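The values are calculated or read from the model by the stated rules, or taken from the named source; none is laboratory data. This structure is a prediction, so every number in the text was calculated from the model and none was measured. Positions of Cβ are backbone-derived with ideal geometry, glycine not excepted, and every protein chain shown enters the neighbour counts.
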Amino acid sequence: MDSLPGAGAEILEDEVKAQISPLKIKSHEWLRIMEEAHKLNIKSSATMMYGTTETEEQRAIHIMKIADLQEKTGGFMAFIPWSFEPNKTRMQAEGKVKYPAGGLNLLKMISVARIMYHDLIDHLQSSWLTNGIGMAQLALNYGADDFGGTLIGEEVVTATGARSTELSSHKIISSIKQIGFQVAERDNFYRTVKNC
């Protein structure tokens, strides 16, 4: 295992985690696991699933916790904010989350992260999966440098019926070139495999 995904972070505030994912690990445990991985020279990504029950202050605390750990270990290769898709979920049925977070929140997340993680975390992913291709294109103009990759067989967002969750490399390349950016295929460590 050469790297570790950042899944399970949700919002790194236990008050939020208790509401949205009570069976998942606590915030300090997620941070401890990431720190241990980094000490073993295993790089990882940091994620943030926003758009549930958290406040803007709790989002800011999450961003700061990631920054604090990155200053200590330098082990995060990328930050990937992605929005919760409430359709067909228990949280929507219970009235906890009525609507998706929307594109403006994605652009705020990317912009704030680019400022907060300047010279700290090199890469920000625009996450086409939960926000759609158009918003991922906009996010590249707000500070993201990673469109996200091809995906086959995704089941979580697919279950919400929100949008197609498969995207070919041709469509990704085309989407990036449409907005005037150069495209490069990269490996898991952000090393360029080839220019497209």
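Quick one: which of K26, K39 is out of contact with any strand residue (DSSP E or B) (no Cβ under 6 Å at 6 or more places or on another chain), over 18 Å from T73 (Cβ atoms), surrounded by fewer than 19 Cβ atoms within 10 Å (Cβ to Cβ) and modelled with pLDDT of 95 or more? So that I can check it myself, show each step before the final result.
Numbers: K39 fails: over 18 Å from T73 (Cβ atoms).
Of the residues listed, the single one that is out of contact with any strand residue (DSSP E or B) (no Cβ under 6 Å at 6 or more places or on another chain), over 18 Å from T73 (Cβ atoms), surrounded by fewer than 19 Cβ atoms within 10 Å (Cβ to Cβ) and modelled with pLDDT of 95 or more is K26.
Anything in segment 36-59 that is outside any strand (DSSP E or B), touching a residue at least 12 places away in the same chain (Cβ under 8 Å) and among the hydrophobic types (A, V, I, L, M, F, W, C)? List them, or say none.
If the condition is that a residue be outside any strand (DSSP E or B), touching a residue at least 12 places away in the same chain (Cβ under 8 Å) and among the hydrophobic types (A, V, I, L, M, F, W, C), then A37, I42 are the ones that fit.
How do the pairs read when you match residues in segment 81-92 that are under 13 Å from W128 (Cα atoms) and in contact (Cβ under 8 Å) with a residue 60 or more places away in the chain with residues anywhere that are part of a loop (DSSP other than H, G, I, E, B) and of a type in the set (F, W, Y), using Cβ under 9 Å and keeping only pairs 6 or more apart or on different chains?
none
Rundown of residues vs (1) under 26 Å from G149 (Cβ atoms); (2) surrounded by 15 or more Cβ atoms within 10 Å (Cβ to Cβ); (3) modelled with pLDDT of 95 or more, yes/no style:
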{"position": "L12", "(1), (2), (3)": "yes, yes, yes"}
{"position": "E15", "(1), (2), (3)": "no, no, yes"}
{"position": "M49", "(1), (2), (3)": "yes, yes, no"}
{"position": "E54", "(1), (2), (3)": "no, yes, yes"}
{"position": "M77", "(1), (2), (3)": "yes, yes, yes"}
{"position": "E85", "(1), (2), (3)": "yes, yes, no"}
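Scan M77, M109, M64 and give me the residue that is out of contact with any Leu (no Cβ under 6 Å at 6 or more places or on another chain) and assigned to a strand (DSSP E or B). Talk me through it step by step, then tell me what you get.
On the way: M109 fails: assigned to a strand (DSSP E or B); M64 fails: assigned to a strand (DSSP E or B).
The unique qualifying residue is M77.
Among the residues of segment 1-30, which ones are within 16 Å of the chain's Cα centre (by Cα) and in a helix (DSSP H, G or I)?
Within segment 1-30, just W30 meets the criteria.
Could you list, in sequence order, the residues of segment 58-69 that are of a type in the set (S, T, N, Q) and more than 24 Å from L129 (Cβ to Cβ)?
Our first condition is that a residue be of a type in the set (S, T, N, Q); within segment 58-69, this holds for 58.
Result: no residue meets the conditions.
Can you pull out every residue in segment 146-175 that is modelled with pLDDT of 75 or more, surrounded by fewer than 16 Cβ atoms within 10 Å (Cβ to Cβ) and not small (G, A, S)? It would help to see each step written out before you state the result.
Of the residues in segment 146-175, the ones modelled with pLDDT of 75 or more are 146-148, 167-175.
In the following step, the residues that additionally are surrounded by fewer than 16 Cβ atoms within 10 Å (Cβ to Cβ) were identified as 168-171, 173-174.
Once the filter is applied, which keeps residues that are modelled with pLDDT of 75 or more, surrounded by fewer than 16 Cβ atoms within 10 Å (Cβ to Cβ) and not small (G, A, S), segment 146-175 yields H170, K171, I173.
Cβ-Cβ distance below 7 Å, separation of 6 or more or different chains: which pairs start in segment 94-105 with a residue that is over 19 Å from L129 (Cα atoms) and of a type outside the set (A, V, I, L, M, F, W, C) and end on one that is surrounded by fewer than 18 Cβ atoms within 10 Å (Cβ to Cβ) and modelled with pLDDT under 90?
Note: pairs meeting the criteria are K98/Q92.
Only one residue in Y99, Y142, Y117 is more than 16 Å from F181 (Cβ to Cβ), aromatic (F, W, Y), surrounded by fewer than 21 Cβ atoms within 10 Å (Cβ to Cβ) and more than 13 Å from the chain's Cα centre (by Cα). Which one? Lay out the reasoning, then the answer.
On the way: Y142 fails: more than 16 Å from F181 (Cβ to Cβ); Y117 fails: surrounded by fewer than 21 Cβ atoms within 10 Å (Cβ to Cβ).
Of Y99, Y142, Y117, the one residue that is more than 16 Å from F181 (Cβ to Cβ), aromatic (F, W, Y), surrounded by fewer than 21 Cβ atoms within 10 Å (Cβ to Cβ) and more than 13 Å from the chain's Cα centre (by Cα) is Y99.
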